[in-house]
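Okay, so here's the structure we're looking at.
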Amino acid sequence: MRYAFFLGCVMPVKYPGFESATRVVAEALGLELVDLPFSCCSAPTLMRLVHYDSWLALAARNLALAEQEGMSILTVCNGCTNTLKEAKQVLENDPGLRKKVNGILEPWGKEFTGEAEVKHLLDVLRDDVGLEAIQGRTEKELTFRVGCHYGCHFFRPPRIMYPDRLSPSKHFLPTQMDEILGAAGLNPVQYNRRLLCCGSGLGTKVDLDAANQITREKLSHMADKQVQAICVGCPSCFEQFDRAQVLLNRKDDCNYEIPVFYISQLLGLAFGVAEEKLGFSQHRVKVTSLLNG
Amino acid sequence: MKRPDIFNEELLYECYQCARCTGSCPAAFAVEGFNPRNILLTYLRLGVEEVITDEKLWCCTTCHVCEDRCPQLIDVADLLTSLMNEAAKQGHIPEKVRSSAETLLRTGRALLVSGRVDQIRKKLGLKPLPEVPVEEVEGILEKTGLTDLIG
């Protein structure tokens, strides 16, 4: 199984530990990750809002790059996943826009053809690697109560993210992360507001303190269910949960200390990978007492 | 304000102002005065100029829960996206957003890269941060018109 590895901006720059964890886990599961000269995806919370045409053209360039190599794209960030899937759908359904965008890419020898699939790591793990292989690779028993946070751009809007898996009411409720963690022996628990926003999109653009109030609401429901670890599949959601706890404790007299993990880190731990490879030093809410306790 | 490629404007007239979008909206919960239902109504009644100068427009987290829950199947988040595009065109861009867009234009990434990144990467056994072909990204964004808008 070979994929073009779409790192995005946040993971390699802010959280290289997640990149390291993902590469180690991918190798353990027989996935080959190929690095290509991608740029910013570009972000659905930034460029799509500022200038739609620029958002579409950059996404088309990234898609075309993987198409040239004949590979599917593996994404590790919800924003990248949303942008690349949506841009692909828009360009496939609108020949006029596609012609215009391809005219822009032409001087750089690129053309969007629509041949590259875009898959988030969670879908690759569940569907391409499979739960049995994950279970088979698991060595260490981790018994934490994990609160899964999927993040909005992973599955919304469902007409764009999972058009082939819609319910009769045209919705899609993700279960991939719970299934993967369950296969690796962890204990994912249900909590209220599980599928709602972390707040990141508000904090990065306008008002971080207000964004943290959105996060606080989610954290309170996680605490109600004695969640001991939060699992995310997006580095922006990670940053929001990790940073918000520190800021809420400081400014709002809260007392949250729930470590946040990127999915590859939890799998790495379950697979018995050395902690140095999993990059916990960038975490603001420390993982030590949970892992050693 | 005709962007059929972003959303279907005709659909907005199906809105009966039930405010489920706003009751479901995380940003409306956290920011007083941000109200997607009201933005939609004001836009339809008074026009685009009335809704694009207020920076609160940019509070939308783009979570799309509004669309998920709208009984009339209106893409409220896409309406807001379209309005933000229009606001940007007229020079109303929040500072943080402008600064990220500039960084993207200049470096091909939406984040500034600190000098320590490669040190941290090396410690983890990772290669240095991959190069982004900046000239190509800049060339594309000049053609799409971002350079004129931001630069």
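The values are calculated or read from the model by the stated rules, or taken from the named source; none is laboratory data. In this text, all values refer to a predicted model and were calculated from it rather than measured experimentally. No Cβ is skipped: glycine too gets one built from the backbone with ideal geometry, and neighbour counts run over all protein chains shown.
Inside the stretch A:18-37, residues that are crowded, with 23+ Cβ neighbours inside 10 Å and either under 23 Å from residue B:100 (Cβ atoms) or polar (S, T, N, Q) (or both) make up a count of 4. A Cβ distance below 9 Å, combined with a sequence gap of six or more or placement on separate chains, defines the contacts here; from the stretch A:231-249, residues that are acidic (Asp, Glu) reach residues that are assigned to a helix (DSSP H, G or I) in the pairs A:239/A:10; A:239/A:14; A:239/A:200; A:239/A:203; A:242/A:282. With respect to the stated conditions, residue B:82 fails to be polar (S, T, N, Q), within 15 Å of the chain's Cα centre (by Cα), assigned to a helix (DSSP H, G or I) and farther than 28 Å from residue A:163 by Cβ. Scan the stretch A:163-202 residue by residue and report those that are of a type in the set (D, E, K, R) and within 14 Å of another protein chain (Cβ to nearest Cβ). Matches in the stretch A:163-202: A:170, A:193, A:194.
Just one of the listed residues (A:81, A:113) is in a loop (DSSP other than H, G, I, E, B) and either surrounded by 15 or more Cβ atoms within 10 Å (Cβ to Cβ) or of a type in the set (Val, Ile, Thr) (or both), and it is A:113. If only residues of the stretch A:251-281 that are in a helix (DSSP H, G or I) and more than 17 Å from the chain's Cα centre (by Cα) are counted, the one that is nearest to residue A:176 (Cα to Cα) is A:270.
Within the stretch A:133-186, the set of residues being part of a helix (DSSP H, G or I), crowded, with 23+ Cβ neighbours inside 10 Å and not aliphatic (A, V, I, L, M) comprises A:152, A:153, A:154, A:155. Is it the case that the stretch B:115-138 has a residue that's assigned to a helix (DSSP H, G or I), farther than 21 Å from residue B:83 by Cβ, within 8 Å of another protein chain (Cβ to nearest Cβ) and among the small types (Gly, Ala, Ser)? No, that holds for no residue.
Which of the residues that make up the stretch B:57-72 are more than 8 Å from chain A (Cβ to nearest Cβ) and either outside any helix (DSSP H, G or I) or free of Cβ contacts under 8 Å to residues at least 40 places away in the same chain (or both)?
Listed by number, the residues that qualify are B:57, B:70, B:71, B:72.
For the stretch B:140-151, the count of residues that are over 19 Å from the mean Cα position of the chain (by Cα) and not in a helix (DSSP H, G or I) is zero. As a summary of the residue check, residue A:286 satisfies the conditions (1) within 23 Å of residue A:17 (Cα to Cα); (2) touching a Cys at 6+ places or on another chain (Cβ under 9 Å) except for the one numbered (2).
Residues in the stretch A:5-26 that are within 12 Å of chain B (Cβ to nearest Cβ) and either of a type in the set (S, T, N, Q) or more than 25 Å from residue A:201 (Cβ to Cβ) (or both): 4 in all. Taking the stated definitions as given, is residue A:58 surrounded by 24 or more Cβ atoms within 10 Å (Cβ to Cβ), within 11 Å of chain B (Cβ to nearest Cβ) and free of Cβ contacts under 8 Å to residues at least 24 places away in the same chain? When the stated conditions are applied, residue A:58 passes them.
Quick check: anything in the stretch A:96-112 modelled with pLDDT under 95 and on the phi < 0 side of the Ramachandran plot? Yes: one or more hits.
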